[in-house]
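Values in this text are rule-based calculations from the coordinates and carry no lab data. None of the values given here were measured: they were computed from a predicted structure. No Cβ is skipped: glycine too gets one built from the backbone with ideal geometry, and neighbour counts run over all protein chains shown.
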């Protein structure tokens, strides 16, 4: 398993994935801060107002496709040059491949949230917010990471089954857009793509509080298990004829 | 014509129609949801509301959709390493323009589908006024032009970079920039091609924070913006062609 994780890491180590990783969160940080400064008369809640501007669209429309891109990138090589045949002849269970990819994408999701948090902190300091930094935002970032890992596990399944690089990313966008409708109805916990935005707590119609955090975690575990079972069964049944 | 026929054969079982259908379904569900609770004032302003909301949604969805289309159309060649072989058989120009034709066709179908969907929604919800045909045609025209411009840009990237992560990443960024630019002052919006769905829209909104009433109003058609987007498309096509013929695959 360790070898597979190392291999997956090599794949992304010098890849353009880092370009996406660094640049995409920069856009809401710059534009959200600009928007915050433009509307200071309405946005009076310091860090919380700035957070709402930074995360206003991120959890619905942009982080799901971004995670979709991470996942699709890791499966892309397997879909090239009959590599599936090699995978099935290696002395390693194919499921390890899925788990190694899940580990790496989860790490990327975690790092993305750290970067989002860091940009938020820097923006707040640069524009001179004087209140102390609210520690609960660290919890929101952690919850968003868990929600993001759920999306990653589903996207990895999609990119494993669909050989196209871009189609699963389009599906991630659809999932993100639909999540808004689910959150508006208060059904965020039953839709996997809504968990990230819900965990982020940024301007969502259905927010995360200490009352529903338990159900949030249960929901994350449930969707993780479903994805795992799907990947396990699919990799068990699929044969080299799929090439 | 021959190259276009070849392109059609290549995508025969690639389910391209699903990309268009998925995009339209996404927009339809959103609009069905957002128009589900309309009072009489909303029904009077129904067409304006649709013509206001649709460009916003397009800013989110169409940059990524055009990115996916361009990536799929180019990735067929990257995956099979077929660019070098193709160049021996067909002229560079034919390959490049056949790929443009294909994308423009799907983008055109999507835009037409959007207009049909708006008409259907208008009749389904019982909008009180009759459809503003002229503005619907204008919407069709500018949405098509902006989508073609974005498709051309994405095609350029997808042809140049073998690694499709870069063009797709840029399409996600573009979508983000386009959406955020709509909340920026007018002159700033005009610098971002992804936000042109909003820049060219001829409906604006006044929102009264106290009474929470939305009032839409028409603005003059933005012909200057149309010229900008057409010029952008011409420049990108020329640049894309130049880079494509020089590229060693």
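Averaged over peptide B:173-184, the number of partner chain Cβ atoms lying within 10 Å of each residue's Cβ comes to 5.
Pairwise Cα separations in region A:105-243 fall into 5 Å bins from 0 onward with the following percentages, short to long: 2, 10, 17, 19, 18, 14, 9, 6, 3, 1, 1, 0, 0. Across the alpha-carbon atoms of region A:1-61, the computed radius of gyration and Dmax are 17.3, 55 angstrom. By the helix-only formula, in which each DSSP H run with n ≥ 4 contributes -39500 (n - 2.57) and the sum is divided by residues, the protein assembly as shown has a 222 nm mean residue ellipticity of -24500 deg cm²/dmol. When Rg and the Kirkwood Rh are both derived from Cα coordinates, the Rg/Rh ratio for region B:78-204 amounts to 1.07.
On the basis of the beta-carbon distance and an R0 of 35 Å, residue B:234 and residue A:80 show a calculated FRET efficiency of 0.50. Relative to the dominant Cα principal axis of chain B, helix B:92-125 is inclined by about 20°.
Counting Cα-Cα pairs of region A:106-151 in 5 Å increments starting at 0 gives whole-percent bin shares of 5, 22, 28, 21, 12, 8, 4, 0. Three principal axis extents of chain B based on alpha-carbon atoms, in descending order, are 66, 37, 29 Å. Could you let me know the centre-to-centre spacing of region B:114-128 and region A:79-107, using Cα atoms, in angstrom? Going from one Cα centre to the other spans 48 Å. When Rg and the Kirkwood radius Rh are both evaluated on Cα atoms of region B:1-77, their ratio Rg/Rh stands at 1.17. If you run the Gaussian network model on chain B, springs between alpha carbon atoms under 10 Å, then out of B:107, B:230, B:146 the most flexible one is B:230. Once C-alpha pairs closer than 8 Å and six or more residues apart are averaged by separation and normalised to the residue number of chain B, the relative contact order reads 28 percent. Distance between the pseudo-spin-label points of residue B:206 and residue B:191 (7 Å out from Cα toward the beta carbon): 3.0 nm. FRET efficiency for the pair residue A:215 and residue B:11, taken as 1/(1 + (r/R0)^6) with r the Cβ-Cβ distance and R0 = 41 Å, rounds to 0.40.
Coordinate range of the alpha-carbon atoms in region A:2-237 per principal axis, descending: 63, 36, 28 Å. To the nearest ten degrees, helix B:223-246 and the longest principal axis of the Cα atoms of chain B are 20 degrees apart. If R0 equals 45 Å, the separation of the Cβ atoms of residue A:96 and residue B:28 corresponds to a calculated FRET efficiency of about 0.65. Between residue B:248 and residue B:1, full extension at 0.36 nm per residue minus the direct alpha carbon distance yields a gain of 86.4 nm.
Peptide A:169-181 shows a mean partner chain C-beta count of 5 within 10 Å per residue C-beta. In µm²/s, what is D for region A:142-209 at 25 °C and 0.890 mPa s, where D = kT/(6 pi eta Rh) by Stokes-Einstein and Rh is the Kirkwood radius from Cα pairs? D = 203 µm²/s.
With respect to chain B, whose longest principal axis is taken over its alpha-carbon atoms, helix B:165-181 is tilted by about 20°. With a 10 Å cut-off around each Cβ of A:55-68, the average count of Cβ atoms from other chains is 3.
Shape annotation for the protein assembly as shown: C-alpha extents along the principal axes are 68, 60, 44 Å, from largest to smallest.
Here region B:33-94 and region B:150-184 have alpha carbon centers that stand 12 Å from each other.
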